[in-house]
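Contents: one structure, followed by commentary.
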Amino acid sequence: MVVPTAKQALIRDSPELSMLVVAPAGCGKTEALALRIAGLIKRDQVRRPRRILVVTFSKRARDNIRERLKYYVDSRKLQDMVTIANFHGLAARIVRAHGNVIGVEADAALPDSDWVAAECRLRGLGYDRTDDVRRVLRNTKLQPFTDEEVLHSLREHGDTIAESIEFKRREEGRLTYEDLLRHAEVILQNESVADIYAQHFECVVVDEFQDLTLQQLRLVRSIGGDKVTFAGDLAQGIYSFSGAAPNDVYESILEYAEKQIVFAESHRSSPAVLELVNALRNFTGGEHLTCAAPEAWSENGLAGVASFTTTETEAQWVYKFAAYVLERAPTHRVGVICRTAGRRRFVDEAFKAGSLPWHRWDDPLLDRETANATRRILSDLKRTSWQRAENPTEFLMNMADAEALHDPDTRTSLREALEWVHDELLRGAEATDLLARIKVGDSSAFISAPGVHLLSGHAGKGQQFDWVCVVGAEEGVLPFFKATSSEELAEEARVLSVMISRARHGALVLHSKSVADSYGRTRSKDASRFASSLKNAPLCRSGSAIVEWLKAADWQKISAN
């Protein structure tokens with residue numbers, strides 16, 4: 001059992017049911033929340049039949065906290081006194097149990113995929129127009145609207161495609177993920193229903209408050225009132241595109257939180273990595289972080305910023321760096337992270353041509369049955385036939401003889417795989433290339449596998465690597481060219497901070513002076529505006545100094561940590 005830090009013990013032992021825990025990456029937040037829940041049960045602040053509701057954003061986060069709780073809470077008490085759910089799972093329970101209050105049919109189809117995106121594909125919409133439609137529908141449904149109010153709002157907005165998709169959804173008796181949360185909020189506006197949940201749950205614990213939408217905040221408070229523990233970190237708020245409102249949520253929590261506890265000691269990263277994160281504080285507003293055990297890291301760890309003439313030289317350097325590390329520490333994981341997959345493609349090609357073990361997170365991870373079916377389709381696929389199809393995804397499903405599959409999970413998995421095929425073909429990928437990119441296996445084993453991991457900044461949230469190379473740190477990529485307002489630019493800095501803070505031993509931020517666009521035209525690029533702050537960070541190295549650190553490091557100590 002882990003010995004709690006002083007801050008973790010304070011969170012565990014505090015009797016207040018309303019609390020704000022500010023916990024940057026690597027500071028032991030999940031452990032603290034597990035201790036908090038165990039403390040509430042041990043002190044009899046929660047007594048059966050009442051329960052503690054724990055709400056997370058993902059199944060992985062839900063499973064992580066459940067696993068940690070097993071160390072501190074008896075299995076019977078855990079089963080009887082703690083409910084752990086992600087937001088969509090919680091909303092689905094509420095809608096299934098009380099949908100009749102607002103006229104939602106008991107047999108309404110629950111979401112199992114991005115139905116709106118599929119409808120946009122059916123209508124032949126491009127990526128930009130699809131994003132527009134999804135944004136309009138999402139923003140409309142972030143309000144506590146009835147179905148009629150949603151349609152009225154869409155008519156006022158004037159997006160006829162969004163309106164027609166919503167009308168079709170209602171005609172089919174279908175719910176999207178946005179509908180689940182919207183309906184749950186409207187249902188809980190009924191005082192009788194809200195009272196049922198308020199009586200059932202003594203208090204609520206919410207992980208990652210910075211990712212909350214105002215709708216999710218209202219939902220939580222409808223159940224927990226002021227008896228809610230929120231944990232998270234404003235400096236990791238990178239999901240405004242999905243409706244998250246970190247600053248507004250934070251200000252709202254501060255109005256009624258009885259106690260605020262701030263973590264600032266990292267148990268994940270070396271001093272050098274933490275100094276890079278600290279260098280972005282003027283942009284991110286994050287806490288100044290210190291290392292819990294600086295003596296554990298060889299030469300304080302590695303932090304660096306490097307410039308390259310071309311993306312090809314950058315990619316080859318990253319490949320050589322990964323090869324050097326993995327030769328000396330074969331069980332380590334090297335995360336190669338970029339703000340966009342398009343900019344990362346040069347590095348992807350370098351690893352594809354090399355011999356190191358690598359894993360591309362953009363590609364689907366499929367069960368064997370789905371992978372075999374997808375491979376058969378790609379082997380037989382004629383692009384012209386697919387392009388002429390009225391509904392390309394259904395064309396692919398028919399090729400797979402999906403109607404013969406009776407298991408719903410198998411059909412869902414196949415549809416998601418074929419939607420990926422459809423999207424990649426639209427981007428110009430060849431079927432032979434997609435065949436090579438299909439991976440078979442378990443997601444948890446994939447995420448923790450040694451070797452090189454190629455991913456985007458948002459995909460890496462909540463993950464951890466021994467080493468991180470952030471590539472593409474140029475203006476127009478990071479910050480992204482669409483980020484123009486001060487808040488948008490601050491969020492771009494938070495994306496960079498999140499990418500860097502995934503690293504344990506070392507983090508490197510790399511940029512190129514010239515980058516080829518998708519048409520092969522080479523354009524000059526300036527280093528990201530964030531690069532100068534990183535270069536001035538204590539312990540930050542550049543060029544040959546990075547290589548010198550690698551040669552001087554105690555690799556026996558590194559590989560053991």
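The values are calculated or read from the model by the stated rules, or taken from the named source; none is laboratory data. The structure presented is a predicted model; accordingly, all values stated were derived computationally and were not measured. Quick reminder, even Gly has a Cβ in these numbers, built from the backbone with ideal geometry, and neighbours come from all protein chains shown. Surface areas here come from the heavy atoms of the whole protein model, side chains and all, with no ligands, DNA or RNA. Shrake-Rupley method; radii C 1.70, N 1.55, O 1.52, S 1.80 Å.
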*For the subset of the stretch 189-219 comprising residues that are assigned to a helix (DSSP H, G or I) and crowded, with 23+ Cβ neighbours inside 10 Å, which member is nearest to the chain's Cα centre (by Cα)?*
ASP211
*Return only the number of the condition from (1) of a type outside the set (Val, Ile, Thr); (2) surrounded by fewer than 18 Cβ atoms within 10 Å (Cβ to Cβ); (3) closer than 17 Å to GLU548 by Cβ; (4) in contact with a strand residue (DSSP E or B) (Cβ under 7 Å, 6 or more places away or on another chain) that PHE321 does not satisfy.*
(2)
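Any idea how many residues of the stretch 282-294 are over 15 Å from VAL495 (Cβ atoms), of a type outside the set (Ser, Thr, Tyr) and either open to solvent by 60 Å² or more (accessible area, probe 1.4 Å) or not in a loop (DSSP other than H, G, I, E, B) (or both)?
Number satisfying all stated conditions: 5.
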_Condition broken by SER456, with the remaining ones in (1) within 19 Å of the chain's Cα centre (by Cα); (2) at positive phi satisfied_ = (2)
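Within the stretch 15-44, can you find the residues that are among the polar types (S, T, N, Q) and in contact with a helix residue (DSSP H, G or I) (Cβ under 8 Å, 6 or more places away or on another chain)? Don't jump to the end; show me each part of the working.
Kept after step one, since they are among the polar types (S, T, N, Q), are these residues of the stretch 15-44: 18, 30.
The one that is among the polar types (S, T, N, Q) and in contact with a helix residue (DSSP H, G or I) (Cβ under 8 Å, 6 or more places away or on another chain): THR30.
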*Conditions (1) outside any loop (DSSP other than H, G, I, E, B); (2) in contact with a Leu (Cβ under 7 Å, 6 or more places away or on another chain): number failed by LEU356*: (1)
*Which one is farthest from VAL515 (Cα to Cα) among residues in the stretch 464-488 that are open to solvent by 20 Å² or more (accessible area, probe 1.4 Å) and in contact with a Phe, Trp or Tyr (Cβ under 9 Å, 6 or more places away or on another chain)?*
GLU488
*asked:* Being closer than 20 Å to GLU16 by Cβ, open to solvent by 40 Å² or more (accessible area, probe 1.4 Å) and assigned to a loop (DSSP other than H, G, I, E, B) is the filter here; which residues of the stretch 220-248 pass it?
replied: ASP226, LYS227
_Residues of the stretch 43-63 that turn out to be of a type in the set (S, T, N, Q) and either touching a Pro at 6+ places or on another chain (Cβ under 8 Å) or surrounded by 18 or more Cβ atoms within 10 Å (Cβ to Cβ) (or both), as a count_ = 2
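This table checks each residue for (1) within 28 Å of the chain's Cα centre (by Cα); (2) closer than 21 Å to HIS332 by Cα; (3) at pLDDT below 95.
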{"residue": "VAL495", "(1), (2), (3)": "yes, no, no"}
{"residue": "SER501", "(1), (2), (3)": "yes, yes, no"}
{"residue": "VAL515", "(1), (2), (3)": "yes, no, yes"}
{"residue": "GLY520", "(1), (2), (3)": "no, no, yes"}
{"residue": "ILE546", "(1), (2), (3)": "no, yes, no"}
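Can you find, within the stretch 436-459, the residue that is most open to solvent (accessible area, probe 1.4 Å) among those that are part of a helix (DSSP H, G or I) and under 18 Å from ARG345 (Cβ atoms)? Walk me through it before giving the result.
Here is the first cut: in the stretch 436-459, the ones part of a helix (DSSP H, G or I) are 436-437, 443-447.
With under 18 Å from ARG345 (Cβ atoms) added as a condition, the list becomes 436-437.
On the way: ALA436: 70, ARG437: 25 Å².
Per the criteria, the residue is ALA436.
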*Out of the residues in the stretch 324-345 that are hydrophobic (A, V, I, L, M, F, W, C) and surrounded by fewer than 22 Cβ atoms within 10 Å (Cβ to Cβ), state the one that is nearest to the chain's Cα centre (by Cα).*
ALA341
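Quick grid of which residues meet (1) small (Gly, Ala, Ser); (2) surrounded by fewer than 18 Cβ atoms within 10 Å (Cβ to Cβ); (3) in a loop (DSSP other than H, G, I, E, B):
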residue: GLU67; (1), (2), (3): no, yes, no
residue: THR83; (1), (2), (3): no, yes, no
residue: ALA91; (1), (2), (3): yes, no, no
residue: ILE94; (1), (2), (3): no, no, no
residue: VAL101; (1), (2), (3): no, yes, no
residue: ALA106; (1), (2), (3): yes, yes, yes
residue: ALA117; (1), (2), (3): yes, yes, no
